[in-house]
Every structure is written in structure tokens, then in C-alpha cells.
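K.L.:
The structure's right below; bear with me while I get my questions together.
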There are 2 protein chains.
Amino acid sequence: MTKPVPTSNEPCPVARATSLIGDRWSLLIVRDAFDGVRRFSDFQRSLGVAKNILSDRLRKLVDAGILACQASREGSAYQEYVLTEAGNDLFPLVLALRQWGERQLFSPGEAHSELIETASGKPVAAMLPRRQDGSVLMPHDTRVRKLP
Amino acid sequence: MTKPVPTSNEPCPVARATSLIGDRWSLLIVRDAFDGVRRFSDFQRSLGVAKNILSDRLRKLVDAGILACQASREGSAYQEYVLTEAGNDLFPLVLALRQWGERQLFSPGEAHSELIETASGKPVAAMLPRRQDGSVLMPHDTRVRKLP
DNA sequence: CAGTATCCCTCAAGATACTG
DNA sequence: CAGTATCTTGAGGGATACTG
């Protein structure tokens, strides 16, 4: 039995997002999905998570509209979990997490996996918030406008 | 007693990052810090978190080099928690979380807080991964290069 | 005000066995 | 292979009282 996904009523999008995907496994599942993983056992092997937990998270991600469950086209019995449009829209988030980790959590020269632009073979450039004119936006140039 | 921050040995930056800041409160603390919150009781009021938990998270964020603890310049006894350089570097991550939440977790027309560019008063533009030439990079244009 | 020290409790997570 | 069912454990989190 799954608890209903409450999609919290928080007016802050950050709070609402973290309450949905801010747990130990969801974003790692999404990362693997971007990496081409589709099958239950492949997620399980990749993550080393207990099967019941994986089952629960996959269901929640499907309920949240981030993953879709579709029959394998190979005729086998199993299903495949693929990113929906909302799931693909998490690409900037996973990338931001990855790039911050690369910059701040590895010693200089320490090896880590890396996101590559397939066509050129070069690492994906740092993603930064920008203005319309292309200049980089710093935290101090912004403020949060709260609800009326 | 704080458990030592193990800074996990995972070779994947996403995994390492989530293991450090992927809990229920850390990113919300960071969000508040970007919003100008500096004092213990202000974090507490804003988040509604138990004081012992807040104390623990602030210490972990300080240990991780994301926040720095400095004496208030007003001569009062209390300290202030401010973002370090590594903390400020989380701006793209918090923004990605916010923008995904705005796009996917609110009904059309549902009110939410919003990040504004102070100078213009306009909402911050969507942050997207781009190539050097400025074109938008899609998930399928990339792949993860694993460790040797 | 800014925390620390306890106590308690729920739920996430793991292990294992089982089913279609 | 792809899950579900059940049991157990422990960490995360809340409430409250206390201290400098």
C-alpha cells in the first residue's frame, strides 16, 4: 500500500520539490534513468538498494509523473521505467548536483565520473544562471518575492 | 556528538552530493541563507524544525564548508551563519530545484514565491545547460563517462 | 537568545522469504 | 526475472527541559 503523494501545499517551489524528490534514492534513480537504465534489476544492481525500497520509489516516481511504466517491446514480461517529460525536465537539476559535486567534493586530481557532450566528447560546460543578455547572474543580484 | 562527515567515496559526484546535502533540511537551510537568513532563531522560525535538528544540520553544513560561523558584528553574543564560497556555489542547484518545482509542481495559475532579478524586477530566466555556442543541450546529447 | 541534553517515537531502510 | 509480503532495526526527527 502506497501512501498518497500529498504534493505538499508549500508555496515555495524549493520546499515542494525537496519534499517530493529530496530523499536518499529518488534522484539517484533519476540519474540512472538519464544514464539509460530502464529495468528493475538494473536499477537494483546499480544502486545496491533493497528491492522493496526500490519498488516503493519507482512507484512514487511513476505516481509523481516523473517516470512512466511501459511494457518492454521485446515481448518479455518485464516493464521498463522511462523518464516522462517532467522527468526529462529534471536534467538541469541533476546536472547542477553533479557539477557542484565535481567542483566542491573532489580533491584536485581525484577521479570521478563525468558528463560528456556526445558529439564533441568534451565535458559539459558549467551551467550558470544568466540574464537575457547572457551575463552571469550572482545570488546577490536576486531576491525572492514572497506571496502576497 | 556529531557523527563524522564521511564525505562518501562514491566516484559519482551526484551520489556524493546527495549523500551530503540530500536530506530533509539542508537545502532548505541553504535556501534561507540565500534569502538572507543568518540567525539560529530565524532559521528555526522559518523552517519550523526542531532546535536540536537545526543545531545538528548547521554544524554539519559548517563542517562541510558550506556555511561559516562568525560572530555577530553587533556585539551581541550570538553568531551568524553565512554562506561560504562553496555555499554560494550551490546557487545553481537551488535555482534548478526552484525552477523545476515551479514548472512541474504547481497548477497553472497557482501562486508561489518567485525568484526575481533585483535590478529589473523580472523573474529569473530558466537556467538550461548549453553548449559553448549557446545552444541548449538536451539529455540525449550527453553521456556519462565512467571511471577507467 | 542560542543553543545543548534527554527522551521518545515514527518511518525509512535492510534482510529475507515468497509469488507469478 | 520482477516484483510483493513480512519482520526487524536504527537513524532521523520532534517535544521538552535545561544552561550560559
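The values are calculated or read from the model by the stated rules, or taken from the named source; none is laboratory data. Not measured: the values here are computed from a predicted model. Please note: Cβ atoms are built from the backbone with ideal geometry, for glycine as well, and neighbour counts cover all protein chains shown.
K.L.:
Name the single residue that is farthest from DNA strand C (Cβ to nearest atom) among those in region A:14-33 being β-branched (V, I, T) and under 11 Å from the mean Cα position of the chain (by Cα). Quick ask: steps written out before the conclusion?
P.N.:
The initial filter retains those residues of region A:14-33 that are β-branched (V, I, T), namely A:14, A:18, A:21, A:29-30.
Remaining after also requiring under 11 Å from the mean Cα position of the chain (by Cα): A:21, A:29-30.
Details: A:I21: 12, A:I29: 11, A:V30: 14 Å.
The qualifying residue farthest from DNA strand C (Cβ to nearest atom) is A:V30.
K.L.:
Taking B:F34, is it among the aromatic types (F, W, Y) and without any contact (Cβ under 8 Å) to a residue 60 or more places away in the chain?
P.N.:
Numbers: among the aromatic types (F, W, Y): yes; without any contact (Cβ under 8 Å) to a residue 60 or more places away in the chain: no.
It is false that B:F34 is among the aromatic types (F, W, Y) and without any contact (Cβ under 8 Å) to a residue 60 or more places away in the chain.
K.L.:
Out of all the residues in region B:14-42, which are touching a helix residue (DSSP H, G or I) at 6+ places or on another chain (Cβ under 6 Å), aromatic (F, W, Y) and part of a helix (DSSP H, G or I)?
P.N.:
B:F34
K.L.:
Is it the case, given these coordinates, that B:M127 is more than 14 Å from A:R130 (Cα to Cα) and either touching a Phe, Trp or Tyr at 6+ places or on another chain (Cβ under 9 Å) or touching a residue at least 12 places away in the same chain (Cβ under 8 Å) (or both)? Don't jump to the end; show me each part of the working.
P.N.:
On the way: more than 14 Å from A:R130 (Cα to Cα): no; either touching a Phe, Trp or Tyr at 6+ places or on another chain (Cβ under 9 Å) or touching a residue at least 12 places away in the same chain (Cβ under 8 Å) (or both): yes.
No, not satisfied.
K.L.:
Quick check on A:L115: is it part of a strand (DSSP E or B) and facing another protein chain (nearest Cβ under 9 Å)?
P.N.:
Details: part of a strand (DSSP E or B): yes; facing another protein chain (nearest Cβ under 9 Å): yes.
Considered against the rule, which asks whether it is part of a strand (DSSP E or B) and facing another protein chain (nearest Cβ under 9 Å), A:L115 comes out as yes.
K.L.:
Any residue that is closer than 30 Å to A:P148 by Cβ, polar (S, T, N, Q) and either in contact with an Asp or Glu (Cβ under 6 Å, 6 or more places away or on another chain) or within 13 Å of another protein chain (Cβ to nearest Cβ) (or both) - is there at least one of those in region B:77-94?
P.N.:
Within region B:77-94 (the criterion being closer than 30 Å to A:P148 by Cβ, polar (S, T, N, Q) and either in contact with an Asp or Glu (Cβ under 6 Å, 6 or more places away or on another chain) or within 13 Å of another protein chain (Cβ to nearest Cβ) (or both)), the answer is yes, since at least one residue qualifies.
K.L.:
Which one of A:K60, A:K51 is surrounded by 14 or more Cβ atoms within 10 Å (Cβ to Cβ) and not hydroxyl-bearing (S, T, Y)? I'd like the intermediate steps shown before the answer.
P.N.:
Numbers: A:K51 fails: surrounded by 14 or more Cβ atoms within 10 Å (Cβ to Cβ).
So the residue among A:K60, A:K51 that is surrounded by 14 or more Cβ atoms within 10 Å (Cβ to Cβ) and not hydroxyl-bearing (S, T, Y) is A:K60.
K.L.:
Quick check on my filter: what residues within region B:109-125 are closer than 21 Å to A:I21 by Cα and not hydrophobic (A, V, I, L, M, F, W, C)?
P.N.:
Listed by number, the residues that qualify are B:E110, B:H112, B:S113, B:E114.
K.L.:
What single numbered condition from (1) small (G, A, S); (2) away from DNA strand D (no atom under 13 Å from the Cβ); (3) in contact (Cβ under 8 Å) with a residue 24 or more places away in the chain fails to hold for B:A15?
P.N.:
Failing condition for B:A15: (3).
K.L.:
Would you be able to tell me the number of residues in region A:132-143 that are within 7 Å of chain B (Cβ to nearest Cβ) and at pLDDT 95 or above?
P.N.:
If we filter region A:132-143 for residues that are within 7 Å of chain B (Cβ to nearest Cβ), which is where we start, we get A:132, A:137, A:139, A:141-143.
Retained after the next criterion (residues that are at pLDDT 95 or above): A:137, A:139, A:141-143.
Looking only at that region, the number is 5.
K.L.:
Could you check B:S107 against (1) modelled with pLDDT under 95; (2) closer than 22 Å to A:R103 by Cα; (3) of a type in the set (S, T, N, Q) and say which number it fails?
P.N.:
It fails just one condition, (2).
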